[in-house]
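Visitor: Could you have a look at this structure, given as structure tokens, before my questions?
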Amino acid sequence: MSIPSKQASDPIRGWDRSEPVAENLIRHVERAVVGKREAVELCVTAILAGGHVLIEDVPGTGKTLLVKALARSLDCSFKRIQFTPDLLPSDVTGTSIYHPVSRSFEFRKGPLFANFVLADELNRTPARTQAALLEAMEEGQITADGETYLLPKPFILIATQNSVDGESTYALPEAQLDRFLLRVKLGYPGIREEADILGRQAERSPLERLRPALLQEELLALQARVKEIYVDEKLRDYIARLAAATRNHPEVALGASPRASVALMRAAQAKAFMAGRAYVVPDEIKALAVPVLAHRLLLTAAARCKGRAAEEAVEESVELTAVPGAERRARS
């Protein structure tokens, strides 16, 4: 794998603050979110890559708190949508109001028109309303009454769903899952971490003390820098072979799509940027394979009956896919 010597030695075109900026943002969020370093890093990775995030776990583990902490750390417009069974698509995207005096319709924008949108408990709303997000997530726009309206930039949607609550919920369709850059699972905190949470919540919510750590124009500039991170041709081939391995896995009925390959590359670029490097290395692709690919896979019925998980299929695909340069090292 060849890396241009200038890019390998110099900071990203004069930008030498990538690592401290990302680290400062992560630490800022951790003032409110305790003991979830990996989850916070993944969310920041997705935000820098300009992608959407699905946070999935049992109730009470801090899903909404994490999103609110991220929103308060970014000087961007923020809207929260509480998804319920009776929510209509127009409640999300907006609706046209008729004015009798002017005899004309005026489009009233819905809560989706914000830089940072929390789709809380997304799986509690029917498929019709869930589908209202598809165009917004993929193209950054919505179409209503034959008119197309662009969403503000940046546009980041972070959705939450409980993984154990099946009553009055609707499974997210594959087309929507494929539009989330990555999925994050929080898990329960350790005993010391939970005691720390109690201490921070004793007087007031730690969210009240958070102030923006990154301006909107700074975030847009960082996202543009991420796209400049160098990805070697052999690494692009590696990502494609890894995606193909998931499609050929015997226990996978629906493998990773080309959109998933692009998402994995973008996420790896963001991770390299956060590390202060101007190029992607194979370890970053391997580290992000599960959070980026697992939620997009559909296992066969036989695999589900065995209790197999999509994460296992991704891990096995990673093990079976040769890393660029591994053959040369093995021969030497």
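Visitor: GLN269 fails exactly one of the following numbered conditions: (1) of a type in the set (S, T, N, Q); (2) under 25 Å from ILE26 (Cα atoms); (3) surrounded by fewer than 21 Cβ atoms within 10 Å (Cβ to Cβ). What is the number of that condition?
Guide: Every listed condition holds for GLN269 apart from (3).
Visitor: State whether the residues of region 218-234 include one that is in contact with a helix residue (DSSP H, G or I) (Cβ under 8 Å, 6 or more places away or on another chain), at pLDDT 95 or above and within 30 Å of ARG308 (Cα to Cα).
Guide: no
Visitor: Sticking with this one: Within the set of pairs 6+ apart or on separate chains, which have a first residue in region 137-160 that is in contact (Cβ under 8 Å) with a residue 12 or more places away in the chain and aromatic (Phe, Trp, Tyr), a second that is assigned to a loop (DSSP other than H, G, I, E, B) and surrounded by fewer than 18 Cβ atoms within 10 Å (Cβ to Cβ), and C-beta atoms under 8 Å apart?
Guide: Close Cβ pairs satisfying both conditions: PHE155/GLY140.
Visitor: Report whether or not LEU87 is closer than 12 Å to LEU157 by Cα and modelled with pLDDT of 90 or more.
Guide: So LEU87 does not fit the description; no.
Visitor: For region 235-256, give me each residue that is assigned to a loop (DSSP other than H, G, I, E, B) and either in contact with a helix residue (DSSP H, G or I) (Cβ under 7 Å, 6 or more places away or on another chain) or buried (at least 16 other Cβ atoms within 10 Å of the Cβ) (or both). Walk me through how you get there before you give the answer.
Guide: Kept after step one, since they are assigned to a loop (DSSP other than H, G, I, E, B), are these residues of region 235-256: 248-251, 255-256.
Passing the criteria: HIS249, GLU251, GLY255, ALA256.
Visitor: Just give me the residues in region 107-136 being assigned to a helix (DSSP H, G or I) and touching a residue at least 12 places away in the same chain (Cβ under 8 Å), in sequence order. Give the derivation first.
Guide: In the first step, residues of region 107-136 are kept if they are assigned to a helix (DSSP H, G or I); the result is 122-124, 127-136.
Once the filter is applied, which keeps residues that are assigned to a helix (DSSP H, G or I) and touching a residue at least 12 places away in the same chain (Cβ under 8 Å), region 107-136 yields LEU122, ASN123, ARG124, ALA127, ARG128, THR129, GLN130, ALA131, ALA132, LEU133, LEU134, ALA136.
Visitor: Then there's this: Would you be able to say whether some residue in region 286-308 is within 30 Å of ASN24 (Cβ to Cβ), among the small types (Gly, Ala, Ser) and part of a loop (DSSP other than H, G, I, E, B)? It would help to see each step written out before you state the result.
Guide: So in region 286-308, the residues within 30 Å of ASN24 (Cβ to Cβ) come out as 286-295.
Next, only the ones that are among the small types (Gly, Ala, Ser) stay: 287, 289, 294.
Then keep just the ones that are part of a loop (DSSP other than H, G, I, E, B); that gives none.
Checked region 286-308: no residue is within 30 Å of ASN24 (Cβ to Cβ), among the small types (Gly, Ala, Ser) and part of a loop (DSSP other than H, G, I, E, B).
Visitor: Evaluate region 194-201: report whether one residue or more is assigned to a loop (DSSP other than H, G, I, E, B) and touching a residue at least 40 places away in the same chain (Cβ under 8 Å).
Guide: At the first step, the residues of region 194-201 found to be assigned to a loop (DSSP other than H, G, I, E, B) are none.
So far as region 194-201 goes, no, none of its residues is assigned to a loop (DSSP other than H, G, I, E, B) and touching a residue at least 40 places away in the same chain (Cβ under 8 Å).
Visitor: Restricting attention to region 143-183, report how many residues are within 26 Å of ILE285 (Cβ to Cβ), of a type in the set (Asp, Glu) and either modelled with pLDDT under 95 or outside any loop (DSSP other than H, G, I, E, B) (or both).
Guide: 1
Visitor: Okay, moving on. Filter region 194-217 for residues that are within 29 Å of GLY51 (Cα to Cα), out of contact with any helix residue (DSSP H, G or I) (no Cβ under 6 Å at 6 or more places or on another chain) and not aliphatic (A, V, I, L, M) and give the result.
Guide: SER205, GLU208, ARG209, ARG211, PRO212, GLN216, GLU217
Visitor: Being more than 26 Å from GLU194 (Cβ to Cβ) and free of Cβ contacts under 8 Å to residues at least 24 places away in the same chain is the filter; apply it to region 17-70 and report the residue that is surrounded by the most Cβ atoms within 10 Å (Cβ to Cβ).
Guide: ARG17
The values are calculated or read from the model by the stated rules, or taken from the named source; none is laboratory data. Treat the numbers as computed from the prediction; the structure is a model and nothing was measured. Heads up, the Cβs are rebuilt from the backbone with ideal geometry, glycines too, and the neighbour counts pull from every protein chain shown.
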